[in-house]
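What follows is a single structure, written as structure tokens, with notes after it.
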Amino acid sequence: MIRELEERLKELEGKEKNLRLLRIKRRRIISKYGSKLIPYDRVQLARHEKRPKAKDFIENIIVEPMFFHGDRLFADDKSIIGGIGYLEDIPVTFIGTNKGRTLEENVKYNFGMPKPEGYRKALRLMKQAEKFNRPIITFIDTPGAYPGVDAEERGQGEAIARNILEMSRLEVPIISVFTGEGGSGGALALSVANRIIMMENSIFSILSPEGFATILWRDGSRYREATEVMKLTSRELYDYNIVDRVIEEDISFSLKDFENNFLRLKRAIVEELDGLMEKTSHELVLERQDKYRKIGGEL
Amino acid sequence: MEQKAKKGRSIISIIKNLRRFRKPSIRAVVPERLFEKCDGCGELVSKSSVEKRLFTCPECDYHFNISAKARMDMLLDEYTVINRLPRFTNPIDFPGYKVKYRENRKKSGLKEGILGVEGYIEGIRLVAVSLDNSFFMGSMGSYIGEEVARAFEYAGKRDLPILVFSTSGGARMQEGIFSLMQMAKTSIAVDRYGETRNLYISCMTHPTTGGVTASFASLGDVILAEPGALIGFAGARVIKETIKGELPKGFQRAEFLRDRGFLDDIVHREHMRDYIHRLLKLHGYRSCRI
Ligand SMILES: [Zn+2]
């Protein structure tokens, strides 16, 4: 359905030259499709090559971002981008898992799949944030941690575990934003946060639908079916209290049309941060840890 | 090394100890036959000789899969179970989970894939936890995550050391995001336990993968493994598909991990009790016996 919607919008853009009418007709088409979206469509939107990537989110929300490199141990993982900048007038540390739009870019960014050096780079930047009392904002769009020989050799499991533990005890506010895909421990390792915000058309799951179908039914081609039962959409996760906030989205297939979405997200981050910055470091850690301690504990 | 394991001093104490314990249960490990084919070397080995060596092969030292209960029986002087009884929950209303859950209970004879106890090693009081991969492959769902967290809290409150044996196929897929969140819950429990300055010994056994590797199992003050245990985050098949090539020899085995800096030591099952006893003593824990 997403391809169909995209086609129709493209067709309209070719035909309708009156800008005002174009906007109205666009909205009409999008709302017609938007109300019928099934989880699989959301997955497609979350992964869409034209959807803004973490770098776009950062550049549209953080003022004057400075990007830093390296984990000080082994390498600079290009799938993790991070640094410092302003959120309005507040200095913050930002971290993102980056994907590319083209194959070439995707190879460079390893399709948004970090290796241990990526998680350790993120942790280094987060520790730095704590030292200088800067809030942390993470932007997540990753299929998961990279399943490769080198990643295992350098301790993928240890790197993820360490990030989860260390993030849980950082004495500064942490807000995590799911911008596209959020898969497995690889996403969790960057999202142990005080507040989790999901873009309406982002997903967050234990594993990719393909991987899920392979493990559960030994048939990766049943991924569509998997999306129906995995409960991976923003609304479902909101209802489970896993996610604190969902940012309504205008469906769009270009950076320009995404502007309002960025604006809404930015407003939400600022609002959440205002609240969090009034808390003591002790409260921040306690509340964050307690939140995760309670999930699935009503047994 | 292996020769020493057979003839060393510790084996005598282990056999002596064995007599004192209840006999380890041999459920699903060595069937009711006199001989058993070893998965490690393919040799036919006598059941009694395997049992005497705490379910390791007399020919090749292969470590047979054992239940959580057998693990406690061979390790502890005596113990009491501290787990709560599991109640089935289906957090994301996953179709068919209940049926699958019942099947696993029937097949394994277990209520869930974890056993948590309070017990003694040479009179030293401790908390011990073991996953059991005969139930749902030891996959971590909400119950296991909760029980792991509670065991750490139980130990922390009483100033006791904790010993955790992992074996897990990873996440309990049927519990979706709730399964994933157990990684955070258990890691946070480790962190809070750490504040009490007590000792957490993690021992990874065959196989330990996925979310368990990427949470509490990798966060021990001392991290051990049994020889030959498969330990990793991503599954070997997925990695093979991703890299479109062969995996190096010994990939994701305990020895491979030790050589790359992720394990403190590899400990033969026959030495485990002794090893842990020494660790406990070195950390100032004393026997309660007079
Ligand atoms: Zn053998």
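The values are calculated or read from the model by the stated rules, or taken from the named source; none is laboratory data. On a predicted model such as this, the values are computed, not experimentally measured, just so you know. Here the Cβ is made from the backbone with ideal geometry for all residues, glycine too, and neighbour counts use every protein chain on show. These area figures cover heavy atoms from the full protein model, side chains too; ligands, DNA and RNA do not enter into them. Shrake-Rupley method; radii C 1.70, N 1.55, O 1.52, S 1.80 Å.
Condition (residue is surrounded by fewer than 22 Cβ atoms within 10 Å (Cβ to Cβ) and free of Cβ contacts under 8 Å to residues at least 24 places away in the same chain) applied to region B:137-155: is it met by at least one residue?
Of region B:137-155, the ones surrounded by fewer than 22 Cβ atoms within 10 Å (Cβ to Cβ) are B:137, B:150, B:153-154.
In the following step, the residues that additionally are free of Cβ contacts under 8 Å to residues at least 24 places away in the same chain were identified as none.
Among the residues of region B:137-155, not one is surrounded by fewer than 22 Cβ atoms within 10 Å (Cβ to Cβ) and free of Cβ contacts under 8 Å to residues at least 24 places away in the same chain, which makes the answer no.
Quick one: which residue in B:Ile66, B:Ile114 is away from the ligand (no atom under 16 Å from the Cβ), at pLDDT 95 or above and either under 18 Å from B:Ser142 (Cα atoms) or out of contact with any Cys (no Cβ under 6 Å at 6 or more places or on another chain) (or both)? Don't jump to the end; show me each part of the working.
Values: B:Ile66 fails: away from the ligand (no atom under 16 Å from the Cβ).
Being away from the ligand (no atom under 16 Å from the Cβ), at pLDDT 95 or above and either under 18 Å from B:Ser142 (Cα atoms) or out of contact with any Cys (no Cβ under 6 Å at 6 or more places or on another chain) (or both) holds for just one of B:Ile66, B:Ile114, which is B:Ile114.
Has region A:259-267 got any residue that is crowded, with 17+ Cβ neighbours inside 10 Å, charged (D, E, K, R), assigned by TED's automatic domain parsing to the domain that holds A:Val92 and assigned to a helix (DSSP H, G or I)? Walk me through it before giving the result.
Pass one, region A:259-267, residues crowded, with 17+ Cβ neighbours inside 10 Å: A:261-262, A:265-266.
Retained after the next criterion (residues that are charged (D, E, K, R)): A:266.
Within this subset, residues satisfying the condition of being assigned by TED's automatic domain parsing to the domain that holds A:Val92 are A:266.
The next check asks that each one be assigned to a helix (DSSP H, G or I); those that pass are A:266.
Looking through region A:259-267, at least one residue is crowded, with 17+ Cβ neighbours inside 10 Å, charged (D, E, K, R), assigned by TED's automatic domain parsing to the domain that holds A:Val92 and assigned to a helix (DSSP H, G or I).
Among the residues of region B:191-209, the ones that are open to solvent by less than 10 Å² (accessible area, probe 1.4 Å) and at the interface with chain A (Cβ under 9 Å from one of its Cβ atoms) come to 1 in all.
The set of residues from region B:111-135 being open to solvent by less than 10 Å² (accessible area, probe 1.4 Å) and in a strand (DSSP E or B) comprises B:Gly116, B:Val117, B:Gly119, B:Ile121, B:Ile124, B:Leu126, B:Val127, B:Ala128, B:Val129, B:Ser130, B:Leu131.
Of B:Val99, B:Val45, all but one fail to be more than 29 Å from B:Cys288 (Cα to Cα), within 16 Å of the ligand (Cβ to nearest atom) and of a type in the set (A, V, I, L, M, F, W, C); the exception is B:Val45.
Cβ-Cβ contacts under 7 Å between residues 6 or more apart (or on different chains), taken from a first residue in region A:29-45 that is over 9 Å from A:Ile2 (Cα atoms) and modelled with pLDDT of 95 or more to a second residue that is surrounded by 15 or more Cβ atoms within 10 Å (Cβ to Cβ) and among the polar types (S, T, N, Q), are listed as A:Pro39/A:Thr227; A:Pro39/A:Thr233; A:Tyr40/A:Thr227; A:Val43/A:Thr227. Taking the criterion of being farther than 13 Å from B:Ala214 by Cα and over 20 Å from the mean Cα position of the chain (by Cα), the residues of region B:171-187 that qualify are B:Met173, B:Gln174, B:Glu175, B:Gly176, B:Ile177, B:Phe178.
Each residue in region A:228-243 was checked for being open to solvent by 60 Å² or more (accessible area, probe 1.4 Å) and away from every other protein chain (no Cβ under 11 Å), and 2 pass. Considering (1) open to solvent by 40 Å² or more (accessible area, probe 1.4 Å); (2) more than 16 Å from the ligand (Cβ to nearest atom), the lone condition that B:Lys52 does not fulfil carries the number (2). Restricting A:Gly100, A:Gly96, A:Gly70 to those that are open to solvent by less than 30 Å² (accessible area, probe 1.4 Å), at pLDDT 95 or above and either touching a Phe, Trp or Tyr at 6+ places or on another chain (Cβ under 8 Å) or part of a helix (DSSP H, G or I) (or both) reduces the list to A:Gly96.
Checked against the criterion of being among the basic types (Lys, Arg), in contact with a helix residue (DSSP H, G or I) (Cβ under 9 Å, 6 or more places away or on another chain), modelled with pLDDT of 95 or more and crowded, with 24+ Cβ neighbours inside 10 Å, the candidates A:Arg154, A:Arg162, A:Arg120, A:Arg169 yield just one match: A:Arg120.
Can you tell me which residue among B:Leu263, B:Leu279 is within 21 Å of the chain's Cα centre (by Cα), over 28 Å from B:Glu175 (Cβ atoms) and open to solvent by less than 20 Å² (accessible area, probe 1.4 Å)? Please lay out each step first, then the result.
Working: B:Leu279 fails: open to solvent by less than 20 Å² (accessible area, probe 1.4 Å).
Only one candidate passes the filter, namely B:Leu263.
Looking across region A:73-84, just one residue is open to solvent by less than 90 Å² (accessible area, probe 1.4 Å) and more than 21 Å from the chain's Cα centre (by Cα), and that is A:Ala75.
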